[in-house]
Amino acid sequence: MTLVIAVGAIAYQQHQQYPLNDSSDTMSDQRTLDAASNDKQRSLEGEGNSQGPWKECLGMTFDDCKAVIAQAAPDLKNAIFEIPPDSMVTMDYNTHRVRVYVDEQHIVTRVPQRG
């Protein structure tokens with residue numbers, strides 16, 4: 001009985017700290033989407049960042065994302081790798097490569113970054 005009350009109290013505290021249906025969450029989500037859209041536009045205009053991460057790639061096809069990264073960081077042109085779902089990868093950290101995680105339709109599902 002005590003355990004149930006303690007877990008309930010923790011859940012209540014977390015809900016107070018991070019409410020689920022707060023209008024400010026919607027506003028911050030919209031700001032995030034706007035920022036990603038602006039990043040995408042800058043990348044398409046050739047103003048990309050060469051160090052990453054490349055947030056604008058989320059939702060793009062792998063080929064489009066690869067073009068954005070290659071334009072922003074020419075040193076990575078031959079080191080951009082498509083990682084299909086449930087693939088195993090090494091755990092080493094290599095700043096001279098970018099792994100682009102995609103779904104079955106080759107749509108980018110994680111923000112690509114060096115490593």
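The values are calculated or read from the model by the stated rules, or taken from the named source; none is laboratory data. Just so it is clear, the structure is predicted and the values come from calculations on it, not from any experiment. Positions of Cβ are generated from backbone atoms using ideal geometry, with glycine treated the same way; all protein chains shown enter the neighbour counts.
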inquiry  = Return the pair list, or none, for Cβ contacts closer than 6 Å from residues in the range 82-107 that are modelled with pLDDT of 95 or more to residues that are assigned to a strand (DSSP E or B) and of a type in the set (Phe, Trp, Tyr), at least 6 apart or on different chains.
reply    = Ile83/Tyr101; Arg99/Phe81
request  = Working only within the range 60-77, note down all residues that are more than 13 Å from Ser50 (Cα to Cα) and among the β-branched types (Val, Ile, Thr).
outcome  = Thr61
key: Residues located in the range 78-110, provided they are within 17 Å of Trp54 (Cα to Cα) and of a type in the set (Val, Ile, Thr)   = Ile80, Ile83, Thr95, Val98, Val100, Val102, Ile107, Val108, Thr109
ask   = If Ala67 satisfies every condition in (1) surrounded by 15 or more Cβ atoms within 10 Å (Cβ to Cβ); (2) at pLDDT below 55; (3) among the small types (Gly, Ala, Ser) but one, which is the exception?
value = (2)
